[in-house]
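Peer 1: Structure provided below as structure tokens; questions to follow.
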Amino acid sequence: MKIALFTPGPGNTSDDVRGALNCDIGTRTPQMTELTKHLRKQISEVADCGDDFSVVPLQGSGTFAVEAMLTSLLPIHSPCLILVNGSYGERMVEICQIHALPHHVLRSHPLKPINVAEVADYLKSHLDITALALIHSETGIGIINPLEELLTLAEQRGLRVFVDGMSSFGLLPGKFASASLSAVAASSNKVLHGIPGLGFVIARREILEEPGTTRTLSLDLKAQYQGFQRDGMWRFTPPVQVIAALSHAIDDYHQQGGQAARLQAYQQRARIVVDGLAPLGIHPLVTGNDSAPAIITFVLPFDEQVLSASLLSERLLASQVAIYPSKMGEINSFRIGFIGELTENDIYRLIAAIRDVVCEISGHLEQPA
């Protein structure tokens, strides 16, 4: 029995995607150049971003892509406003602190989407800000932030917007038609169902071609872009097999119906799990339209001394099911991701495995002392 990965990523991959890993390609060959060119075109088509944007892939996880985006593309002499309502927004703050990038931070409640009116008020009193940075779908909890409204606000103020789209790219509209959207970072192993090892940034060409300060070597997005424009080659050793697998995964993505079909699949999985866990007293932490389709945080109705998320995770692994234990303040909670090549049988196996653990715990609690 294969393990079913109900995590924020990486998720389960198909046999065909894993089969695509079985390739040997020279990194300085026409074959590699063509594969890279093809993948960049595929990602551009998923984004539906048009010719004003260019896809710049680079080695590493999604965080590598976010760090490359911020360090390479943020304005040099004016601050960015980082909008934070979760752990991945905090990661953006940490990146800017490490690299001494000028920035402000506006934190909001971690169980609610970013409040556009609060952002507007903050901007009124900080006229030096020229850019916004935010998470579209905050994976730390599972909340969708109002990207469209924030882009409208940015357009009114003439601001650039930089987006972490890890859990939304390929699933939710990217709003590339907005004049303020400057760049989106994403990765191979989330909604596209590839394997880990490749990040990418979809950025406006005019920004990629602007002169700027070089802050890193391997994460220099502008140098990476210039290299692809010059000869189509990677500056440093590319993750060849990961690239081949992602290209195949994107073909599968389109064959399965693209964005609309993937969103529908995730929503259906979420509905089954929410309904299946409700009789056990396990409910989502965030509900309604604020809840992200790729991941949901659930609250355990037990004291951590009785059944913690970590213990639940350990017990589920014995049934070949993986969840993501997490702690939201004092809330005993865990995350379930709906990405990857999961079957309906996997969904019901997850519910049954959680039910077995909860019923066992409840049985012990009901026994007389």
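Peer 1: Expressed in nm to one decimal, what extension gain is obtained for the pair K41 and Q229 from 0.36 nm per residue of sequence separation less their Cα-Cα distance?
Peer 2: Numbers: separation 188, 0.36 × 188 = 67.68 nm, distance 1.34 nm.
The K41-Q229 span can extend by a further 66.3 nm.
Peer 1: Continuing with the same structure: Taking the alpha-carbon set of region 180-244, what are its Rg and Dmax in Å?
Peer 2: 12.9, 35
Peer 1: In square nanometres, what is one fourth of the surface area of the convex hull spanned by the alpha carbons of region 221-267? Present the calculation step by step, with values, prior to reporting the outcome.
Peer 2: Details: hull surface 18.9 nm².
Directional mean of the projected Cα hull area for region 221-267 stands at 4.7 nm².
Peer 1: Using a/c under 1.5 as the rounded threshold, could you call the chain rounded, prolate or oblate? The axes a ≥ b ≥ c are square roots of the C-alpha gyration tensor eigenvalues, and prolate needs a/b larger than b/c, oblate otherwise.
Peer 2: On the way: a/c = 2.16, a/b = 1.35, b/c = 1.60.
Here the chain falls in the oblate category.
Peer 1: Now a separate question. Which shape class applies to region 278-324: rounded if a/c is under 1.5, otherwise prolate when a/b exceeds b/c and oblate if not, where a ≥ b ≥ c are the square roots of the Cα gyration tensor eigenvalues?
Peer 2: Details: a/c = 2.39, a/b = 1.45, b/c = 1.65.
Oblate, since a/c reaches 1.5 and b/c is not below a/b.
Peer 1: Let me ask another. Run the dipole for the chain about the Cα centre, Lys and Arg Cβ at +1, Asp and Glu Cβ at -1, nothing else charged, and hand back the magnitude in debye, nearest 20.
Peer 2: Numbers: 28 positive and 38 negative charges, 101 e Å.
Dipole magnitude for the chain comes out near 480 debye.
Peer 1: Using a 1.4 Å probe on the protein chains only, how many percent of the accessible area of region 6-83 belongs to carbon and sulfur? Please report the intermediate quantities before stating the final value.
Peer 2: On the way: 1600 of 3290 Å².
Reported share for carbon and sulfur atoms: 49 percent.
Peer 1: Once phi is turned into θ = phi - 60°, what whole-Hz ³J(HN,Hα) does the Karplus curve with 6.51, -1.76 and 1.60 give for every residue of region 37-47, x standing for Gly and Pro?
Peer 2: For region 37-47, the Karplus-derived couplings read 4, 5, 5, 4, 5, 4, 5, 4, 5, 4, 6 Hz, x marking Gly and Pro.
Peer 1: So, one more: Out of every Cα-Cα pair in region 19-60, what percent are more than 14 Å apart? It would help to have the intermediate numbers written out before the result.
Peer 2: Numbers: 506 of 861 pairs.
It works out to 59 percent of all Cα pairs.
Peer 1: A 29 angstrom limit on the alpha carbon distance is what I want to check against. Which of K2/K41; K175/K222; K41/K222 exceed it?
Peer 2: On the way: K2/K41 33 Å; K175/K222 23 Å; K41/K222 18 Å.
Too far apart for the 29 Å limit: K2/K41.
Peer 1: Angle, helix 240-255 long axis vs. longest principal axis of the chain, Cα atoms, 0 to 90°, nearest 10?
Peer 2: 70
Peer 1: Same structure, new question: May I ask what percent, to the nearest 5, of DSSP beta bridges between residues of the chain are antiparallel?
Peer 2: Numbers: 27 of 46 bridges.
Expressed as a percentage, antiparallel bridges in the chain total about 60.
Peer 1: Still on this structure, I have one more. Which semi-axis lengths, in whole Å and largest first, follow from the square roots of five times the eigenvalues of the Cα gyration tensor of region 234-369?
Peer 2: On the way: eigenvalues 221, 60, 43 Å².
Those come to 33, 17, 15 Å.
Peer 1: What accessible area per residue comes out for the chain, rounded to a whole number of Å², with a 1.4 Å probe?
Peer 2: Details: 15740 Å² over 369 residues.
Value for the chain: 43 Å² per residue.
Peer 1: Name the residue farthest towards the positive end of the dipole of region 128-208 from the options F200, S167, S182, assuming +1 on Cβ of Lys and Arg, -1 on Cβ of Asp and Glu, about the Cα centre.
Peer 2: F200
Peer 1: For region 97-239, go through all pairs of different Cα atoms, get the mean of 1/r, take its inverse, and jot down that Kirkwood value in Å. Don't jump to the answer; show the numbers that get you there.
Peer 2: Working: mean 1/r = 0.0596 Å⁻¹.
So the Kirkwood estimate lands at 16.8 Å.
Peer 1: Same structure, new question: In percent, how large is the relative contact order of the chain, given Cα pairs closer than 8 Å and 6 or more residues apart? Please list the in-between numbers first.
Peer 2: Working: 678 pairs, mean separation 91.3, N = 369.
Worked out over the chain, it gives 25 percent.
Peer 1: Something else now. Whenever you get a sec, compute what percent of the accessible area on region 104-257 sits on carbon and sulfur atoms (1.4 Å probe).
Peer 2: Details: 3020 of 5820 Å².
C and S fraction of accessible area: 52 percent.
The values are calculated or read from the model by the stated rules, or taken from the named source; none is laboratory data. Quantities reported herein were computed from a predicted structural model and do not represent experimental measurements. Cβ: placed from backbone, ideal geometry, glycine included. Neighbour counts: every protein chain shown. Note: accessible area is taken over every heavy atom of the protein model, side chains too, but ligands, DNA and RNA are not part of it. Shrake-Rupley method; radii C 1.70, N 1.55, O 1.52, S 1.80 Å.
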